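See structure below.
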Amino acid sequence: MRAVVLDGSRQGDQTSRTAREVLEEQLKENGWTVRSLLLRDMDISPCDGCLRCWTEHPGLCPGTDQGRMIPGLYITSDLAVFLSPVTFGGYSYQLKKALDRMLPNLLPFFGKFGGEIHHKKRYDAYPKLIAIGVLQKPIQSVEMIFRVLVHRNAINFYAPAHTAGFVYGTEDSDTIRLGVRTILSRVGVIA
Amino acid sequence: MTGHLQRVLLLIGSPRGAQSTSASLGSYLLLELEKQGAETGVVNLYQYMKSDEGRNDLMDVVNQADLLVFSSPLYIDCLPAPVIAALEMIRDRRMVAQPIRRQRLMALVNSGFPEPEQNATALAIYRQFAEEAEFGWAGGLAFAPGAVINGKPLGSTGFAARNARKSLGIAARALAQGWPVPSDAVKLAGKPLVPAWMFLINANRSWKRQVMDPAVWKEIEKRPFRKNT
């Protein structure tokens, strides 16, 4: 079982670092092969909206930077974890620059799913999705936006299961460990 | 001119810049605001965020505006990454240098999906940014689907953009009075132009025109990272 962790944290964010280390440790203990990407250290340009991943090279981004490999790493995983400081209720720039490059994993064609129109799937199966938001302290309003965003991503990325959870800057490493374990167990990726 | 609006800044958050639907919608709103006496300016966030000089210039023009109008497409259920980078920077710098006067902010979001609800998270993020960066929230409009406009000036898109024009006209009159975007404008912006079944037929057919090479069309559903079949 393969997991990819997309870490969208900022430099010096100790809470995110602890969360990632705990996450990797718990997944590995449960038999997962984990690949973590520290996105701020990667050469990933923003998607330029050219749509050539649909009109010229189906399923492949024509970019030449490291962002080109994001769709492949994602789709060949059984679990994807988004780790990000909660930024206005959404993801950080560092995480979003990678997610914007995932368009090739969908088809350009539209279909109706659950009463809404979405792009059709390119692949038969997509990974489960977990998003861990990092906040200094609990803030209900931004956590609500984050949960809705992750739910919408799960629809558009055809995740067979998904959940969103939070870790806080006020928590010690034992509390973060417990929080991450709870989040992972919600979608059955650890015992 | 009522005195509520002197300077309005349109911040285009699309990689297509001036050729984008985000620019078409935002520029039409500026025209309507100019009729109300506003002085207007436009910046392309993608360009400004590429350099330190651009980021400093962006802060200068942001600080001079009475009303900021962000206009962007929906990318993966929220804002394109460079727009988030701009919001992070503006918030961080305003936390250091407190704004000296009350400024307002509104947002326009467009997507390829006909349901305006799909844009709701993007608007919620803009609203949260306004709160954290101490802008007064003047409301948001979600337009669907942007592909009908496809970067053309709204004035020349005829019947297809009638709801967008009406919506932006209503919004401009309210904003000039210092009011938030009215619910009438919100409803018009999100009103589907065609039924869902017709949208599906038209949108899916349009890809055949966009894929020029017959060899590519044959492989349009290719799975370069196949693992499941």
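The values are calculated or read from the model by the stated rules, or taken from the named source; none is laboratory data. Model, not experiment: these values are computed from the prediction. Cβ coordinates were reconstructed from backbone atoms using ideal geometry, including for glycine residues, and neighbour counts include every protein chain displayed.
Quick notes on this one:
- Members of region A:151-163 found to be within 11 Å of the chain's Cα centre (by Cα) and within 9 Å of chain B (Cβ to nearest Cβ), listed by number: A:Asn153, A:Phe157
- Qualifying residue in region B:66-80 (condition: within 17 Å of the chain's Cα centre (by Cα), more than 10 Å from chain A (Cβ to nearest Cβ) and either surrounded by fewer than 21 Cβ atoms within 10 Å (Cβ to Cβ) or among the hydroxyl-bearing types (Ser, Thr, Tyr) (or both)): yes
- Against the conditions (1) touching a helix residue (DSSP H, G or I) at 6+ places or on another chain (Cβ under 7 Å); (2) free of Cβ contacts under 8 Å to residues at least 40 places away in the same chain; (3) of a type in the set (D, E, K, R); (4) over 30 Å from A:Leu103 (Cα atoms), B:Glu32 satisfies every one except (2).
- Check on B:Glu115, within 12 Å of chain A (Cβ to nearest Cβ), closer than 21 Å to A:Leu149 by Cα and in contact with a strand residue (DSSP E or B) (Cβ under 8 Å, 6 or more places away or on another chain): yes
- Counted residues, region A:42-56 - those being within 17 Å of the chain's Cα centre (by Cα) and facing chain B (nearest Cβ under 10 Å): 3
Listed here are the residues, each with its yes/no results for (1) touching a residue at least 40 places away in the same chain (Cβ under 8 Å); (2) part of a strand (DSSP E or B).
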site	(1), (2)
A:Tyr123	yes, no
A:Ile130	yes, yes
A:Val134	yes, yes
A:Val142	yes, no
A:Ala164	no, yes
A:Thr175	no, no
A:Leu178	no, no
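- The residues on offer are B:Lys222, B:Lys191, B:Lys166, B:Lys187, and the sole one that is within 13 Å of chain A (Cβ to nearest Cβ) and over 15 Å from the mean Cα position of the chain (by Cα) is B:Lys222.
- Every residue from region B:131-164 that is surrounded by 15 or more Cβ atoms within 10 Å (Cβ to Cβ), modelled with pLDDT under 95 and either among the β-branched types (Val, Ile, Thr) or more than 18 Å from B:Pro114 (Cβ to Cβ) (or both): B:Val148, B:Ile149, B:Gly151, B:Lys152, B:Leu154, B:Thr157
- Region A:93-119 - residue that is in a strand (DSSP E or B) and more than 9 Å from chain B (Cβ to nearest Cβ) and, of those, surrounded by the most Cβ atoms within 10 Å (Cβ to Cβ): A:Leu106
- Among the residues making up region A:57-92, those that are in contact with a strand residue (DSSP E or B) (Cβ under 9 Å, 6 or more places away or on another chain), more than 21 Å from A:Arg40 (Cβ to Cβ) and more than 7 Å from every other protein chain (Cβ to nearest Cβ) are A:Asp78, A:Leu79.
- Restricting attention to region A:19-41, the residues that are closer than 26 Å to A:Lys137 by Cα and within 17 Å of the chain's Cα centre (by Cα) total 12.
- Subset of region B:197-219 [at the interface with chain A (Cβ under 7 Å from one of its Cβ atoms) and farther than 30 Å from B:Ala172 by Cβ]: B:Leu200, B:Asn204, B:Trp207, B:Gln210, B:Val211, B:Val216, B:Glu219
- Candidates B:Val96, B:Val8, filtered to the one that is crowded, with 18+ Cβ neighbours inside 10 Å, more than 12 Å from chain A (Cβ to nearest Cβ) and either out of contact with any Pro (no Cβ under 9 Å at 6 or more places or on another chain) or farther than 20 Å from B:Gly139 by Cβ (or both): B:Val8
- Just one of the listed residues (B:Leu175, B:Leu200) is among the aliphatic types (A, V, I, L, M) and under 17 Å from A:His119 (Cβ atoms), namely B:Leu200.
- Count of region B:36-59 residues, restricted to those that are assigned to a helix (DSSP H, G or I) and either modelled with pLDDT under 95 or of a type in the set (A, V, I, L, M) (or both), is 3.
- Just one of (1) touching a residue at least 24 places away in the same chain (Cβ under 8 Å); (2) among the aliphatic types (A, V, I, L, M); (3) under 30 Å from A:Arg40 (Cβ atoms) fails for B:Ala38. It is (3).
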